[in-house]
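The values are calculated or read from the model by the stated rules, or taken from the named source; none is laboratory data. Please read these numbers as outputs of a predicted model, since none were measured by experiment. When we count neighbours, we look across all protein chains shown, and the Cβ atoms used for this are built from the backbone with ideal geometry, even at glycine. Calculation scope for accessible area: heavy atoms of the full protein, side chains included, ligands and nucleic acids excluded. Shrake-Rupley method; radii C 1.70, N 1.55, O 1.52, S 1.80 Å.
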Amino acid sequence: MAETPVNTDWKIEDGVVVENGVVGPENGDIGRVVIEAPGVVAAARPGHFVMLRTWEGEPFLPRAMAPLSYDVASGRMEIFYRIKGPGTRAIARTHPGEIARVTGPLGRPVVEDFEGRRVALVGRGVGITPLLPLAEHIVAKGGEVRAYLSARTRDYVFGHDRFAALGPVRVRVDDEDGDEALVTDALARECEGYRVDAVYGCGSWRLTRAAEALGVSHGFPSYVFLESKMGCGVGYCKGCPARLRNGDGYKLVCVEGPVFPTREVELSDPVHGPPE
Amino acid sequence: MAETPVNTDWKIEDGVVVENGVVGPENGDIGRVVIEAPGVVAAARPGHFVMLRTWEGEPFLPRAMAPLSYDVASGRMEIFYRIKGPGTRAIARTHPGEIARVTGPLGRPVVEDFEGRRVALVGRGVGITPLLPLAEHIVAKGGEVRAYLSARTRDYVFGHDRFAALGPVRVRVDDEDGDEALVTDALARECEGYRVDAVYGCGSWRLTRAAEALGVSHGFPSYVFLESKMGCGVGYCKGCPARLRNGDGYKLVCVEGPVFPTREVELSDPVHGPPE
Amino acid sequence: MKAELATDVGPLRLKNPVMPASGTYDWFGRDPEQVSADSFGAVVTKSVTLRPQAGNPPIRVAETPSGMLNAIGIPSVGIEEFLEEVLPQYHALDPPVIVSVQAYSPRECESMLARLSEQPRVDAVELNLSCPNLAHGTITAQSARLSAEMVAAARGATRLPIVAKLSPNVTDIAEIARAVEEVGADALCLINTVKGMAVDVETRQALLGNRSGGLSGPAIKPIALSMVWECYQEVDIPIVGVGGIATAEDALQFLLAGARAVQVGTATFREPRSLARIIAGIEEHLAQDGLHSVGELVGWCHKGRLTVGS
Amino acid sequence: MKAELATDVGPLRLKNPVMPASGTYDWFGRDPEQVSADSFGAVVTKSVTLRPQAGNPPIRVAETPSGMLNAIGIPSVGIEEFLEEVLPQYHALDPPVIVSVQAYSPRECESMLARLSEQPRVDAVELNLSCPNLAHGTITAQSARLSAEMVAAARGATRLPIVAKLSPNVTDIAEIARAVEEVGADALCLINTVKGMAVDVETRQALLGNRSGGLSGPAIKPIALSMVWECYQEVDIPIVGVGGIATAEDALQFLLAGARAVQVGTATFREPRSLARIIAGIEEHLAQDGLHSVGELVGWCHKGRLTVGS
Ligand SMILES: Cc1cc2nc3c(=O)[nH]c(=O)nc-3n(C[C@H](O)[C@H](O)[C@H](O)COP(=O)(O)OP(=O)(O)OC[C@H]3O[C@@H](n4cnc5c(N)ncnc54)[C@H](O)[C@@H]3O)c2cc1C
Ligand SMILES: Cc1cc2nc3c(=O)[nH]c(=O)nc-3n(C[C@H](O)[C@H](O)[C@H](O)COP(=O)(O)OP(=O)(O)OC[C@H]3O[C@@H](n4cnc5c(N)ncnc54)[C@H](O)[C@@H]3O)c2cc1C
Ligand SMILES: Cc1cc2nc3c(=O)[nH]c(=O)nc-3n(C[C@H](O)[C@H](O)[C@H](O)COP(=O)(O)O)c2cc1C
Ligand SMILES: Cc1cc2nc3c(=O)[nH]c(=O)nc-3n(C[C@H](O)[C@H](O)[C@H](O)COP(=O)(O)O)c2cc1C
Ligand code: FES
Ligand code: FES
């Protein structure tokens, strides 16, 4: 089923919440939590995610989260979460010092060698976060990155300075640039004078589709970080299908993803169709 | 069904937890919580209880609690709880400042006039608590009280000094006097030189049965504060039956009790038979 | 714009679609201020039996994950005392009064309904076909034949609207639904509790006095929703949805699946203000979505996809 | 004193009574250290079908109060690839391997069991009779006749122990249990998921891609316990209990109600260490209660009251 063996190198760690709070002045619907779980942090690679549960009782299932950063020295990971349902509301209620059960690292990491390669990263909202570990990895491996980040407001361009330390960053925020301004327009312009070798999209179907179209016309591959409601996160439940583009069934986001070549998978929300 | 109309004078109050913590050095299985809920407190009479929920999510149902004291001036009630299941564990986890949903006051209060009457109160463990409001009421109404209190250790003789301020107190604690020493032995001795007009028992089937036997031989009535697993606490669910002694069906603890004449009801635990 | 909350359940007109479930609310002559049955879409009584009965021995209720088990056993004063002592009190209430009837045979059903038909303020009867204490061992609503016999007897005895309350413990709920529709039920009430059991590890015995009980509360909501959906496909009479409703969103899910009204049971035990909050929440939701009436939502699931966001 | 955790399920000898439920655990050639299938009483595979199939479209899982709905649809590589690629990996494991089989007809069942009987390391088969995707519209285990036909076909094709996994969505579980016992099932597995549905208020549609799904998790524990209890009264073959088990106490309740072993499904998704903890918890409980073996507890509920405290 899987082309490479399923990741079974995860652990379940009873980590501890170190910091937790709401980010930015807007609706108060984005939180940031820092969790100490040295075992998981030490093993994490770009593309990995974790299943997180900071609560007892309801909801029953843990929640998939892709950290913005892992700090091996302190054993800490930093997660931004959009507060929308019972799971993220429960995370928001957690106090420092309380237990955070973390299962991870999960999924297939992005482990290619990026020596000499130029990579564009296109992210929006909390979908920006998994791109930072990737950006760091690419630069560490001798590649170049440019980040194209989109959000509702400037507060939600997570990790902006850290991306900026790694390469050029283009930003579009709705409340300044308008809802219709796509950050991929900047990528489109820059593709004209600059060779791009690959693009990774996350957090917006619209931006990812735009990035894919640029890839097709300029001849570079595009990848997407997919999301799916997950039962287990580890390959047991078969509950996280990504619809394959050729109509040829499904792959499992948790063990065969979360990163897929865009040509393989359908780029639309299974419930709501194509949003934003 | 009921001889007097069902109590519908209760309210649901979103009170607030003011203090909460474990009591005494032993197992850490008794907690004390102070809740500010002025509306319920103002209306409470001896014999009343409340349904309490300090948690979101599980367990689904609130828990019946009989406060040790109500302070109208501060709008606060003081509850001692034995930590044994999910409900009391959830209470134990509650922090000051958090919401405590209180439905009450519930049940039929003890409203007799106690002018010139001498009342013995026999309680054990957290079953001591409902006796204090009754003791205060009796003394306020011109009666006399003697308290016969039993517990595992001295820390668990709740409200000892407040009982002592109202009348003589006899105490038996297991860790000093042994498991087999019944505080009702003291009552038995004192019944010899002293006229007792009534006895109220709470928190121990064994002590209540002993008190009843004394009542029968000395010719005074005995009453018992009954417990039952409750669904609603307000008479809707019919889930809290007290078995009538004559085999004549049931009464509902929440609306026809919790205080019953012992001659009416069976004095045994419906699940575990006669314990302690 | 104020949305219209009124809804029809067959011949019954309700000012809003929310009522208590039988056995989970009682009118004691007056209500605590925060409960106020006058605001309900209807009032449903605890099931009443022909003859007085005491109910089951303790323990009668147990908690389960997101729900509870009950083995109450329908304590009842009997129909005569009910008509004399209990029902007259309900005259003070504004909403329609639905009397829940527990009959142990079609004959009992007939005689109870005949008595109820003479009353001035009974607006409908709900036949509790789903009680597990029947003499011949099956629950009426587990058999299409027995259910039809009971409803037919009721139909012969009254012109009052008849709501047939079915059991989820069946292989094919639609079969039972069709059977009672055919003999003249005016509406379905779906679902009664699901058979369940709790074991006490300490005593090593069944926890409930009656051994098994009925599971209710949020735990069973997905089961109830599925049965409402199925019966909506299969019968034409209106459906009252019940099972695990605790919030306005829950209630909306039942309307979308095909219920014209809903009942709230166990949630009241956790929070006696539940019904009032659900009514307010539905109203708010309709306004937010720019809908004119509750009726627009009923059965929407069956219509196909609503396109949003594009 | 160390208590004996070993238990027999018919001809199958297990070192402890705890195994994963089909479709909720997979052996991928190795395990994370904290999971370790080697400590399980047995291993049960995800159901395998004769021919490859892709499974259902998204959304496949939804959360419900104290549980979840799934409409996975049994994605399967088909029996041939299963035998070639998947099963050989299981040889590395110590516990007995139970292969779950999803057949769409007695004929398919026969041919799959014939193939499985040739394998060296298949210790038993579990027949999933409770899948809602059958061509002719009913779940096999909703009909005593269809269930018996399937089990009879299996019995004719293999001498391996056969565990028949039944559906809770029936009027009378004991009837189905007796039917499969009669044609040679060696054990029962009770229960599969309960039919349920979730509605998305935003889209106003069924949330799951396949509309309805199967409810699992703690929410259904009381239902499963009740069915184990009932079947224990009615059949002589051993019962494997499953449905909502998340703690050692849950597992003990199933043993007391009559199960000889238990399966743990949804709880693993919340906490992958669940099985290990349940095994340890049972052992601890036996020691505390001074019991010599798990077997002493099995069916205790049916024996009458244990007197304590006096
Ligand atoms: C690999 C991976 C990494 C993720 N990383 C992050 C992260 O870093 N930060 C973050 O905030 N979120 C992240 N998510 C998403 C997050 O796991 C879900 O949004 C989560 O379910 C929220 O839980 P909840 O209880 O708050 O909301 P839920 O109740 O689960 O969901 C609320 C609403 O959103 C819908 N919904 C939930 N999940 C999805 C989904 N995956 N796709 C479409 N609709 C959905 C539900 O149907 C519901 O209407 C990630 C998801 C995946 C798969
Ligand atoms: C009127 C009244 C007043 C009360 N006042 C107090 C009080 O002031 N302080 C206090 O600590 N408790 C009091 N109780 C008891 C308390 O409500 C219950 O013990 C409560 O259920 C504990 O909740 P839990 O979730 O912790 O335990 P649960 O899980 O509810 O119970 C734990 C164990 O105790 C058993 N059990 C629970 N309730 C009862 C019962 N009533 N009789 C016999 N066995 C039972 C259960 O079967 C279970 O095995 C009162 C009860 C009543 C009816
Ligand atoms: C304590 C209790 C008592 C009940 N009594 C009755 C009854 O007398 N008649 C009846 O038809 N249903 C009775 N029911 C079933 C409810 O009316 C309802 O169908 C069921 O509880 C599911 O709804 P819920 O999950 O909202 O509680 C009772 C339920 C409970 C919990
Ligand atoms: C995601 C998921 C997939 C399942 N797949 C199967 C399956 O393939 N075959 C089967 O017989 N049962 C399957 N089941 C049912 C479980 O084996 C089990 O009977 C049910 O979930 C109840 O147990 P639980 O509450 O412990 O999960 C599945 C359950 C879930 C939640
Ligand atoms: S979430 Fe369970 S298989 Fe992917
Ligand atoms: S607890 Fe519901 S009637 Fe007493």
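Let me check something: with ligands and nucleic acids excluded, how do A:ASP113, C:ASP200, B:ASP177 order by accessible area (1.4 Å probe), largest to smallest?
From most exposed to least exposed: A:ASP113, B:ASP177, C:ASP200.
Net charge within 13 Å of A:GLY193 by Cβ-Cβ distance, Lys/Arg positive one each and Asp/Glu negative one each, not counting A:GLY193 itself?
+2
Explain nothing, just compute: Karplus ³J(HN,Hα) = 6.51 cos²θ - 1.76 cosθ + 1.60, θ = phi - 60°, for every residue of region C:87-104 in order, whole Hz, x for Gly and Pro.
4, x, 4, 5, 4, 6, 8, 7, x, x, 9, 10, 8, 8, 10, 10, 10, 9
Work out the mean other chain Cβ neighbour count within 10 Å for the residues of C:159-171 and drop it here as an integer.
Details: counts 0, 0, 0, 0, 0, 0, 0, 0, 1, 4, 8, 4, 12.
If you average over the peptide's residues, the count of other-chain Cβ atoms is 2.
Write down the percent of antiparallel bridges among all DSSP beta bridges whose residues are both part of the protein assembly as shown, to the nearest 5. Please report the intermediate quantities before stating the final value.
Numbers: 110 of 200 bridges.
The antiparallel proportion sits near 55 percent.
Only helical DSSP H runs with n ≥ 4 go in: add -39500 (n - 2.57) per run for chain A, normalise by residue count and round the 222 nm mean residue ellipticity to 500 deg cm²/dmol.
Calculated at 222 nm, the ellipticity per residue is -6000 deg cm²/dmol.
Taking N as the number of residues in region A:118-225, what value does Rg over Cα atoms divided by 2.2 N^0.38 Å take?
Region A:118-225 yields a ratio of 0.95.
Counting only heavy atoms of the protein chains, get the accessible area per residue of region B:132-276 (1.4 Å probe) and round it to a whole Å² value. Please list the in-between numbers first.
On the way: 5750 Å² over 145 residues.
Result: 40 Å² of accessible area for each residue.
Kindly work out what percent of the DSSP beta bridges joining two residues of chain A are antiparallel, to the nearest 5.
The antiparallel proportion sits near 65 percent.
Leaving out same-chain residues fewer than 8 places away, which lysines sit with a Cα under 18 Å from that of A:LYS84?
Within the straight-line limit of under 18 Å, A:LYS84 reaches these lysines: A:LYS229.
Can you check what the net charge comes to around D:ILE72, using other residues whose Cβ is under 11 Å from the Cβ of D:ILE72 (Lys, Arg +1; Asp, Glu -1)?
+3
Based on the alpha-carbon gyration tensor of chain B, what equivalent-ellipsoid semi-axes (square roots of 5 times the eigenvalues) come out, in whole Å, largest first?
27, 22, 19
Compute the accessible area per residue over chain D, keeping the other protein chains in place, probe 1.4 Å, unit Å².
Working: 10340 Å² over 310 residues.
Result: 33 Å² of accessible area for each residue.
Which whole-number percentage describes the relative contact order of chain B, with Cα contacts under 8 Å and a sequence gap of 6 or more?
Values: 639 pairs, mean separation 47.0, N = 276.
Rounded, it is 17 percent for chain B.
Relative contact order for region A:11-106: what percent, with Cα pairs under 8 Å and sequence separation of 6 or more?
After rounding, I find 42 percent.
Go through C:LEU256, A:HIS218, A:MET51 and say which Cα lies farthest out towards the positive end of the charge dipole of the protein assembly as shown; charges sit on Cβ, +1 for Lys and Arg, -1 for Asp and Glu.
Result: C:LEU256.
Would you work out which of C:GLY265, C:GLY196, C:ALA246 lies farthest towards the positive end of the dipole of region C:7-303, given +1 charges on the beta-carbon of Lys and Arg and -1 on that of Asp and Glu, about the Cα centre?
Checking the options against the dipole of region C:7-303, the answer is C:GLY196.
Can you give the angle from 0 to 90° between the axis of helix A:131-140 and the longest principal axis of chain A, with both taken from C-alpha atoms, to the nearest 10?
Around 70 degrees separate the two axes.
Using only helices, what value at 222 nm comes out for chain D when you add -39,500 (n - 2.57) per DSSP H run of length 4 or more and divide by the total residues, to the nearest 500 deg cm²/dmol?
Computed mean residue ellipticity for chain D: -8000 deg cm²/dmol.
Of C:LYS165/D:LYS221; B:LYS238/C:LYS46; C:LYS2/C:LYS303; D:LYS165/D:LYS221, which pairs sit farther than 19 Å apart, going by alpha carbon to alpha carbon?
Flagged as over cut-off: C:LYS165/D:LYS221; C:LYS2/C:LYS303.
Considering the Cα trace of chain C, what is its radius of gyration and what is Dmax, both in angstroms?
Rg and Dmax of chain C, Cα atoms, are 18.6, 61 Å.
Per-residue Cβ counts within 10 Å, from other chains only, averaged over B:247-258: what number is that?
Counting other chains' Cβ atoms within 10 Å and averaging over B:247-258 gives 2.
Quick one: compute the contact order of chain D, relative version, from alpha carbon pairs under 8 angstrom and 6+ residues apart, as a percent.
Values: 704 pairs, mean separation 63.7, N = 310.
Reported relative contact order: 21 percent.
Put one equal scatterer on each alpha carbon of the protein assembly as shown, apply the Debye formula with no solvent term, and list log10 I(q)/I(0) at q = 0.06 1/Å to two decimals.
Log10 of I(q)/I(0), two decimals: -0.54.
For region A:7-67 and region D:1-21, compute the distance between their C-alpha centroids and round to whole Å.
Spelled out, the Cα-based centre of one part sits 36 Å from the other.
Which of C:THR45, C:THR203, C:THR158 moves the most in a Gaussian network model of chain C with Cα springs under 10 Å?
Sorting by GNM fluctuation, first place goes to C:THR203.
Principal axis extents for region B:27-73, Cα atoms only, whole Å, descending order, please.
31, 26, 19
I want to verify the translational diffusion coefficient of region B:11-106 in µm²/s; compute it with Stokes-Einstein, Rh as the Kirkwood radius over Cα pairs, at 10 °C and 1.306 mPa s.
D, rounded to a whole number, is 122 µm²/s.
For region B:113-179, state which GluC sites (Glu not before Pro) are in a DSSP loop and have at most 13 other beta carbons lying within 10 Å of their beta carbon.
B:GLU115
Scanning chain C for trypsin sites (Lys or Arg not before Pro) in DSSP loops with at most 15 other Cβ atoms within 10 Å, what's the longest stretch left with none?
The segment C:160-304 is the longest one with no such site.
Compare the Cα positions of D:VAL180, D:VAL294, D:ALA42 along the charge dipole of chain D (+1 at Cβ of Lys, Arg; -1 at Cβ of Asp, Glu; about the Cα centre) and return the one farthest towards the positive end.
D:VAL180
Can you list, shortest first and in nm, the gaps between the label point of C:PRO88 and those of its counterparts in the other copies, using a point 7 Å from Cα in the C-beta direction?
8.6
Within region B:1-102, list the GluC sites (Glu not before Pro) lying in a DSSP loop whose Cβ has at most 11 other Cβ atoms in a 10 Å radius. Could you put the intermediate results ahead of the total?
Values: sites: B:GLU3, B:GLU13, B:GLU19, B:GLU26, B:GLU36, B:GLU56, B:GLU78, B:GLU98; in loops: B:GLU3, B:GLU26, B:GLU56, B:GLU98.
Of the GluC sites (Glu not before Pro), the ones in loops of region B:1-102 whose Cβ has at most 11 other Cβ atoms within 10 Å are B:GLU3.
Exactly which trypsin sites (Lys or Arg not before Pro) in region B:91-161 are in a DSSP loop and have at most 15 other Cβ atoms within 10 Å? Intermediate values should be presented prior to the final figure.
Values: sites: B:ARG93, B:ARG101, B:ARG117, B:ARG118, B:ARG124, B:LYS141, B:ARG146, B:ARG152, B:ARG154; in loops: B:ARG93, B:ARG117, B:LYS141, B:ARG152.
Here the sparse-neighbourhood loop sites are B:ARG93, B:LYS141.
So how strong a dipole does chain B carry about its Cα centre when Lys and Arg Cβ are +1 and Asp and Glu Cβ are -1, to the nearest 20 debye?
400 debye
Among bridges DSSP assigns within region A:118-225, what percent are antiparallel (round to 5)?
Restricted to region A:118-225, the bridges split so that about 0 percent are antiparallel.
Only four residue types carry charge here, +1 at the Cβ of Lys and Arg and -1 at the Cβ of Asp and Glu. Report the dipole size of region A:11-106 about the Cα centre in Debye, rounded to the nearest 20.
280 debye
Please pull out the direction-averaged projected area of region C:12-163, using the convex hull of its alpha-carbon atoms, in nm² to one decimal place.
10.0 nm²
Where does region C:99-163 land on Rg(C-alpha)/(2.2 N^0.38 Å)?
1.04
What's the whole-number percent of alpha carbon pairs in region C:1-59 lying beyond 15 angstrom?
On the way: 1096 of 1711 pairs.
Counting every Cα pair in region C:1-59, those more than 15 Å apart make up 64 percent.
Which whole number gives the average count of other chain Cβ atoms within 10 Å of the Cβ atoms across peptide D:29-38?
Average per residue, whole number: 3.
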